[in-house]
Amino acid sequence: MPTYTAPTRDTRFLVNELLDLASYGNLPGFEMASPDVTDAVITEGGKFCAEVLAPINQSGDQEGCTRHEDGSVTTPKGFKEAFNQFREAGWGTLAQPEEFGGQGLPHVLGFVMEEFISSANQAFGMYPGLTNGAISALIAKGTQEQKEMYLPKMVSGEWTGTMNLTEPQCGTDLGMIRTKAEPKGDGSYSITGTKIFISAGEHDLSDNIIHLVLAKTPGAPDSTKGISLFVVPKFLVNEDGSVGERNGVMCGSIEHKMGIHANSTCVLNYDGATGWLVGEENKGLAAMFIMMNAARLGVGMQGLSQAEVAYQNAVAYALDRRQGRALTGPAEPEAQADPIFVHPDVRRMLMDAKAFTEGMRALSLWGALLVDLTHKAQTEEERAEADAMIGLLTPVIKGYGTDKGYEVATNMQQVFGGHGYIEEWGMSQFVRDARIAQIYEGTNGVQAMDLCGRKLAQKGGAAIQAYFKAVGDDIAAAKDDDDLGAMAEALEKALGQQQAATMWFMQNAMQNPNHLGAGAHHYMHIMGIVTLGWMWLRMAKVAQTALASDTDDKAFYEAKLATARYYMDRFLPDVGALRRKLEAGADTLMALDEAAFSTAA
Ligand SMILES: Cc1cc2nc3c(=O)[nH]c(=O)nc-3n(C[C@H](O)[C@H](O)[C@H](O)COP(=O)(O)OP(=O)(O)OC[C@H]3O[C@@H](n4cnc5c(N)ncnc54)[C@H](O)[C@@H]3O)c2cc1C
């Protein structure tokens, strides 16, 4: 059976040293994140995930969710008890506003916990994860009455939330939504339609499920401009806040899918269900995007989480499994064979995973800090800067983080050889679970287009220029340093390639938008690789400072520096190749007509 231990040492390094959370103590919420509190979240949160959630990950995968005749759904054995423990310990409330019963701590700590939960049990993590997204949308767009009615119970975990966008005929293109919302004349609406693939759509973990549903009102424009957002509780809520009558929404079936078996993916049939408008009519997509942006960062974290847990198990296996001899001569001559850890090809996979997971963790937690700063930074200018940066980085965290996270998970499966393909070893589950993160919350193709088609051009390219400047400043500061100079130069070269690719888009995509579409995926990966390189340069600097100050954890900081060097050597060169692919444009990619794709006579 696979095991999981939360990466507490690395997380402490990031939170305390790289991000220096304590230095934000003057901002609301941060003052409560004292070193003791931060340490308790990391230690106790990690323990909870390892001891309560990880042990039911594989059994949950094997058992899956069960839909019963009456449309109810039960989660696998142990999930309800684990969810109760999760709720009672308040793990879901860390970064939620105090006003609604949350602890008001920085999102950084919420994200720390999200990673641990998802590594331990991704399917479990989706129940509170979707609830968090629904909470964000209600906080941003709900009326005071809606907030008071739903948020305290959602924050406490008594009720959970879902997001309902997808329908059989529309996934990416939400303009094609058919679900209808007819005004009932009393301020409520009658919601009718079919939603598919709704995660956590029906289950037995909470007393009520608060669905946020996209639908169209009569006469609304037949496009994304005609979508409105509604809150539709599974059980109507009585005036005193208690759970009332069953609403007209039922689970028609649950999907049999590749992974995340313990999360119920439901077809939800809305049959005249009572719902209430959230935000303005026809402005539902904007409201839903608040939820999706929060969720996209969480999904990026899922890429990291599966890479991390797969990596931990692969390292243990590589140290234990003996096959062949080291190329340089037997490492353990007294044994019949050396551990596979000695083989450079196995090391290649493990180092790749280590460099990705630690770099991605740094990026994700910095992203979470930016989310905090968008709300809490002292000046309007600082808040706007943080907002622009996280807006730019969100598709990179989601798209690159999950593409690479999946690749790492399969490489860690590869370390197990044939055993990686056998279910009982658990590596295949990590690969299967990681795969969905590339698909939902907007496919990675859509993330790439969001980055290149929208974010790069926004406000005359202000966000990407700010990004170039920030990376460039850190490079300049490190360039003359004996240790860091070579790393900074390698990163500077890669950044130059990214700038050239950006320029190529500017010069070519206007005349032929297919050039943008053809290169967007490559650009997203270029930016992912450069951004992680930036994180590694920053981490290397912190490690160097710690080593100079006579630390008693030398091995940790030396490993950071060595991994940073590895990253610059082995990840950054891909940027040049990706740039060349991007600059090849769309011509050969779009050259063939439909008939040419047929392989039959
Ligand atoms: C397990 C699971 C859980 C899910 N959970 C939820 C949930 O909780 N709530 C919810 O509402 N939905 C959920 N979804 C739906 C998910 O978000 C959609 O499947 C996803 O957005 C893609 O939509 P689609 O499947 O219709 O694919 P399509 O939109 O048909 O896309 C097919 C392919 O075409 C590409 N494509 C489409 N349009 C474009 C374009 N304009 N530019 C470039 N490429 C394009 C896509 O990238 C993809 O490769 C879930 C799906 C799954 C499988």
>> Could you tell me the calculated FRET efficiency between S59 and K184, based on Cβ-Cβ distance and R0 = 56 angstrom, to the nearest 0.05?
In response: 0.80
> With the dipole of region 1-127 worked out from charges on the C-beta (+1 for Lys and Arg, -1 for Asp and Glu) around the Cα centre, which of G46, F30, A120 lies farthest toward the positive end?
Replying inline: A120
> Tell me, what is the percent relative contact order of the chain, built from C-alpha pairs under 8 Å that lie six or more residues apart?
Replying inline: 12 percent
>> Could you work out [θ]222 nm for the chain from helices alone, using -39500 (n - 2.57) per DSSP H run of at least four and dividing by all its residues? Round to the nearest 500 deg cm²/dmol.
In response: -17500 deg cm²/dmol
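Taking R0 as 25 Å, what's the FRET efficiency between A40 and A548 from their Cβ-Cβ distance, rounded to 0.05? Mind dumping the intermediate values first?
On the way: r = 30 Å, r/R0 = 1.19.
Calculated transfer efficiency: 0.25.
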> In nanometres, what is the gap between the two model label sites at F556 and R246, each 7 Å from Cα along Cα-to-Cβ?
Replying inline: 5.3 nm
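Treating the beta-carbon of each Lys and Arg as +1 and of each Asp and Glu as -1, no other charges, what is the dipole magnitude of region 1-73 about its Cα centre, to the nearest 20 debye? Could you put the intermediate results ahead of the total?
Details: 4 positive and 12 negative charges, 29 e Å.
With Lys and Arg at +1 and Asp and Glu at -1, about 140 debye.
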>> So for region 463-601, averaging the separation of alpha carbon pairs under 8 Å that are six or more residues apart and normalising by length, what relative contact order in percent results?
In response: 32 percent
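In percent, what relative contact order does region 372-506 have, based on Cα pairs under 8 Å that are 6 or more apart in sequence?
Taking the mean separation of contacting Cα pairs over the length of region 372-506, I get 20 percent.
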> Which value in nm describes the separation of the simple spin-label points at Q85 and E332, placed 7 Å from the Cα toward the beta carbon?
Replying inline: 3.3 nm
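Calculate, for M32 and M1, the FRET efficiency according to 1/(1 + (r/R0)^6) with r their C-beta to C-beta distance and R0 41 Å; round to the nearest 0.05. Mind showing how you got there, number by number?
Working: r = 38 Å, r/R0 = 0.92.
Result of the calculation: an efficiency of 0.65.
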> Treating the beta-carbon of each Lys and Arg as +1 and of each Asp and Glu as -1, no other charges, what is the dipole magnitude of the chain about its Cα centre, to the nearest 20 debye?
Replying inline: 1260 debye
> Measuring from label point to label point, each 7 Å out along Cα→Cβ, what is the V315 to Q144 span in nm?
Replying inline: 5.2 nm
> Over all Cα pairs of region 58-99, how is the pair count split among 10 Å bins, expressed in % and running from 0 up to the last occupied bin?
Replying inline: 24, 35, 29, 12, 0
>> So if I take the alpha carbon set of region 231-362, get Rg, then get Rh from the Kirkwood formula, what is the Rg over Rh ratio?
In response: 1.26
> the chain: longest stretch without exposed GluC sites (Glu not before Pro) (DSSP loop, at most 11 other Cβ within 10 Å), sites themselves excluded?
Replying inline: 335-601
> If you take the Cα atoms of region 37-149, find Rg, then find the Kirkwood Rh from the mean of 1/r over all pairs, what is Rg/Rh?
Replying inline: 1.01
> Tell me, how many Å apart are the Cα centres for region 469-522 and for region 543-601?
Replying inline: 12 Å
> How far is helix 79-89 tilted, in degrees, relative to the longest principal axis of the Cα atoms in the chain, given as a value from 0 to 90 rounded to the nearest 10?
Replying inline: 80 degrees
> Dipole of the chain (Lys/Arg Cβ +1, Asp/Glu Cβ -1, origin at the Cα centre): which of V243, T74, S206 lies farthest to the positive side?
Replying inline: T74
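Can you tell me the dipole magnitude for region 154-312 around its Cα centre, using point charges on the Cβ only (Lys, Arg +1; Asp, Glu -1), in Debye to the nearest 20? Mind dumping the intermediate values first?
Working: 11 positive and 17 negative charges, 100 e Å.
For this selection, approximately 480 debye.
Any idea what % of Cα-Cα pairs in the chain are farther than 35 Å? All intermediate terms of the calculation are to be shown ahead of the outcome.
On the way: 72111 of 180300 pairs.
So the pairs more than 35 Å apart make up 40 percent of the total in the chain.
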>> In whole Å, what are the extents of region 108-209 along the principal axes defined by its C-alpha atoms, from largest to smallest?
In response: 44, 33, 27
> Any idea how far the Cα center of region 24-96 sits from the one of region 169-210, in Å?
Replying inline: 26 Å
>> As I understand it, the value is the acute angle between the Cα axis of helix 380-395 and the longest principal axis of the Cα atoms of the chain; what does it come to in degrees, rounded to 10?
In response: 80 degrees
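Laboratory data are not the source of any read-out in this text; all were calculated from the coordinates shown. Remember, predicted model here, so these are calculated numbers, not experimental data. All Cβ positions, glycine included, derive from the backbone under ideal geometry; neighbour counts span all protein chains shown.
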